[in-house]
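Notes follow once the structure below has been shown.
The values are calculated or read from the model by the stated rules, or taken from the named source; none is laboratory data. Remember, predicted model here, so these are calculated numbers, not experimental data. Cβ placement follows ideal geometry from the backbone for every residue including glycine, while neighbour counts extend to all protein chains displayed. Heavy atoms of the whole protein, side chains included, go into the accessibility calculation; ligands, DNA and RNA do not. Shrake-Rupley method; radii C 1.70, N 1.55, O 1.52, S 1.80 Å.
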Amino acid sequence: MKTQELISCLPIKKIHGTLPESIQHVSTDSRNVLPGTLFVCLRGYTVDGHCFVDEAIESGATVILAEEFMEVDTTKAALVIVEETARALGLLAPRFYDYPSKKIQMIGVTGTNGKTSVSGMIQALLIRLGNKSALSGTLGFHLNGVEYETANTTSDVLTNQHMIAHAVSEGCSHMVME
């Protein structure tokens, strides 16, 4: 995706360095960075993504999205500063995956008890009615008879958008999310 097109949705404070023409990947984990990645520095409860910028650049990140200025070798990666990277990621992720939730019927199941059972029943009914569907929840991501492990019942925004895009690319008409 063209970098300028991707980041045009962000309230950018400052850009240091030259943006690459395109971005092939978006990641919040420096261990998953591949060449051509936009690396988003997120602050977590125990880990701050800003501490892993050097590793991300070493692995091929060409854009660093951060909340503060930091020394970055701008011959290797541009630094884009925003107010809040978590909010920025919420804008970037659907844009990067071309807004997949607009291309599929989304069904959300919430509550205290029974979400996993109800989600499974909904997907089973959809399949029985002849609809290709995907399911994401406590038991992972289910797509066309294949089960993929997920880290949490509710995945992060980047993982959710990736799963929805995968379901769309596999021809699903519906996606059930717990």
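Starting from residues that are farther than 18 Å from Pro35 by Cα, outside any helix (DSSP H, G or I) and open to solvent by 10 Å² or more (accessible area, probe 1.4 Å), keep the ones in the stretch 71-96 and report whichever is modelled with the lowest pLDDT.
In this case the residue turns out to be Glu71.
Report whether or not Thr138 is closer than 30 Å to Val47 by Cα, touching a residue at least 24 places away in the same chain (Cβ under 8 Å), out of contact with any helix residue (DSSP H, G or I) (no Cβ under 9 Å at 6 or more places or on another chain) and open to solvent by 30 Å² or more (accessible area, probe 1.4 Å). Steps first, please.
Working: closer than 30 Å to Val47 by Cα: yes; touching a residue at least 24 places away in the same chain (Cβ under 8 Å): yes; out of contact with any helix residue (DSSP H, G or I) (no Cβ under 9 Å at 6 or more places or on another chain): no; open to solvent by 30 Å² or more (accessible area, probe 1.4 Å): yes.
No: the conditions fail for Thr138.
Checking the structure you have, find out if any residue of the stretch 108-116 is within 20 Å of the chain's Cα centre (by Cα) and either under 17 Å from Cys172 (Cβ atoms) or surrounded by fewer than 14 Cβ atoms within 10 Å (Cβ to Cβ) (or both). Outline the logic, then answer.
First, pick out the residues of the stretch 108-116 that are within 20 Å of the chain's Cα centre (by Cα): 108.
Imposing the further condition that a residue be either under 17 Å from Cys172 (Cβ atoms) or surrounded by fewer than 14 Cβ atoms within 10 Å (Cβ to Cβ) (or both) reduces the set to 108.
Yes, the stretch 108-116 contains at least one residue that is within 20 Å of the chain's Cα centre (by Cα) and either under 17 Å from Cys172 (Cβ atoms) or surrounded by fewer than 14 Cβ atoms within 10 Å (Cβ to Cβ) (or both).
Output the number of the condition that Val146 fails; it satisfies all remaining conditions of (1) modelled with pLDDT of 95 or more; (2) open to solvent by less than 90 Å² (accessible area, probe 1.4 Å).
Among (1) modelled with pLDDT of 95 or more; (2) open to solvent by less than 90 Å² (accessible area, probe 1.4 Å), Val146 violates only (1).
Does the stretch 4-32 hold any residues that are hydroxyl-bearing (Ser, Thr, Tyr) and either in a strand (DSSP E or B) or more than 16 Å from Tyr99 (Cα to Cα) (or both), and which are they? Spell out how you get there, then give the answer.
So the first thing to find is which residues in the stretch 4-32 are hydroxyl-bearing (Ser, Thr, Tyr), and the list is 8, 18, 22, 27-28, 30.
Within the stretch 4-32, Thr18, Ser22, Ser27, Thr28, Ser30 qualify.
Just wondering, is there one or more residues in the stretch 123-137 that are assigned to a loop (DSSP other than H, G, I, E, B), farther than 16 Å from Asn160 by Cβ and in contact with a strand residue (DSSP E or B) (Cβ under 9 Å, 6 or more places away or on another chain)?
yes
Please state which one of Leu79, Leu42 is in contact (Cβ under 8 Å) with a residue 40 or more places away in the chain and touching a His at 6+ places or on another chain (Cβ under 6 Å). Quick ask: steps written out before the conclusion?
Working: Leu42 fails: touching a His at 6+ places or on another chain (Cβ under 6 Å).
The match here is Leu79.
Across the stretch 158-178, what is the total count of residues that are surrounded by fewer than 18 Cβ atoms within 10 Å (Cβ to Cβ) and farther than 27 Å from Gly130 by Cβ?
Total meeting the criteria: 1.
I'd like the full set of residues that are in contact (Cβ under 8 Å) with a residue 24 or more places away in the chain and either of a type in the set (A, V, I, L, M) or open to solvent by 50 Å² or more (accessible area, probe 1.4 Å) (or both), limited to the stretch 97-107. Before you say what the answer is, go through the steps one by one.
So the first thing to find is which residues in the stretch 97-107 are in contact (Cβ under 8 Å) with a residue 24 or more places away in the chain, and the list is 97-98, 100-101, 103-107.
Across the stretch 97-107, the qualifying residues are Tyr97, Asp98, Ser101, Lys103, Ile104, Gln105, Met106, Ile107.
So Thr62 clears everything in (1) in a strand (DSSP E or B); (2) surrounded by fewer than 12 Cβ atoms within 10 Å (Cβ to Cβ) except one condition, right? Which one?
Among (1) in a strand (DSSP E or B); (2) surrounded by fewer than 12 Cβ atoms within 10 Å (Cβ to Cβ), Thr62 violates only (2).
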